[in-house]
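Please treat every number below as a calculation from the coordinates, not as lab data. In this text the structure is predicted, and so the values were computed from the model without any measurement. Cβ sites come from the backbone with ideal geometry, for glycine too, and all protein chains shown count toward neighbours.
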Amino acid sequence: QYGYTLPGWRKYNLTYRIINYTPDMARTAVDEAIQEGLEVWSKVTPLQFTKISKGIADIMIAFRTRVHGRCPRYFDGPLGVLGHAFPPGPGLGGDTHFDEDENWTKDGAGFNLFLVAAHEFGHALGLSHSSDQTALMFPNYVSLDPRKYPLSQDDINGIQSIYG
Ligand SMILES: O=C1CC=C(NS(=O)(=O)c2ccc(-c3ccccc3)cc2)CC1=O
Ligand SMILES: [Ca+2]
Ligand SMILES: [Zn+2]
């Protein structure tokens, strides 16, 4: 290594922790949506995700509103921005926040947590936005059928260029 920084994580086994839960959904439904959102990416890379329930995880997940904690990005109330995630790195790197002012669901109503989570985790793994409108990393929320395979070839090319 010549000290250059890879755009992604330097390890394949990442930990995640769900700090708090949205009241919009059952806890088990939140756990499932998050786990599936991560599986979308681990299915096409050597990445493994391990859920921990205390301490500091690589990917700290929380539902927050407006100005929150020491996070440099803020939420904007209902609609607008739905979530944000920080690119790989120490501390805030990889952390993913969802805007609690949205109506989070596991089906087609409100905003589908699994879909938004899969998109945000793309950022947490080092991906930026895609111009391919069928891509999960497309900048605008499209309520894809969450059970269809949400990754487009563009997403797969992107993630495999980092962790392939
Ligand atoms: O870095 C940013 C800045 C703004 C964002 N806008 S968003 O939170 O409203 C958002 C937009 C699209 C998606 C999405 C796109 C494709 C499929 C599923 C979700 C998720 C969140 C999302 C984001 O990750
Ligand atoms: Ca919002
Ligand atoms: Zn935040």
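Quick rundown of the values:
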quantity	calculated
Only Lys, Arg (+1) and Asp, Glu (-1) charged, at Cβ; region 1-84 dipole about Cα centre in debye	380 debye
Cut-off 12 Å between beta-carbons: net charge of the residues surrounding W41, Lys and Arg +1, Asp and Glu -1	-3
Over the chain: helical MRE at 222 nm, DSSP H runs n ≥ 4 each giving -39500 (n - 2.57), nearest 500	-7500 deg cm²/dmol
Inter-label distance for I162 and E32, nm, one decimal - labels placed 7 Å from Cα along Cα-to-Cβ	2.8 nm
Cα-centre dipole for the chain with unit charges at Cβ (Lys and Arg positive, Asp and Glu negative), debye to 20	600 debye
Span-like helix ranges in the chain, DSSP H, alpha carbon extent 18 angstrom or more, Kyte mean at least -1.0	27-42
Listed residue (I162, H129, V142) projecting farthest to the positive dipole end of the chain, Cβ model	I162
Average Cα contact separation per residue, region 22-164, under 8 Å, 6 or more apart, as relative contact order %	25 percent
Neighbour net charge for S128 - beta-carbon separation under 12 angstrom, K R +1, D E -1	-2
Filtered trypsin sites (Lys or Arg not before Pro), region 6-53: DSSP coil and at most 15 other beta carbons within 10 Å	R10, K11, K43
Gain in span if fully extended, T50 to T134, counting 0.36 nm per residue against the direct Cα distance	27.4 nm
The chain: proportion of alpha-carbon pairs further apart than 23 angstrom, %	34 percent
In sequence order, calculated HN-Hα J values of region 69-83 (Karplus, 6.51, -1.76, 1.60; Hz; x Gly/Pro)	x, 9, 6, x, 10, 10, 9, 10, x, x, 6, x, 6, 9, x
Percent antiparallel among DSSP beta bridges (both partners in the chain, rounded to 5)	20 percent
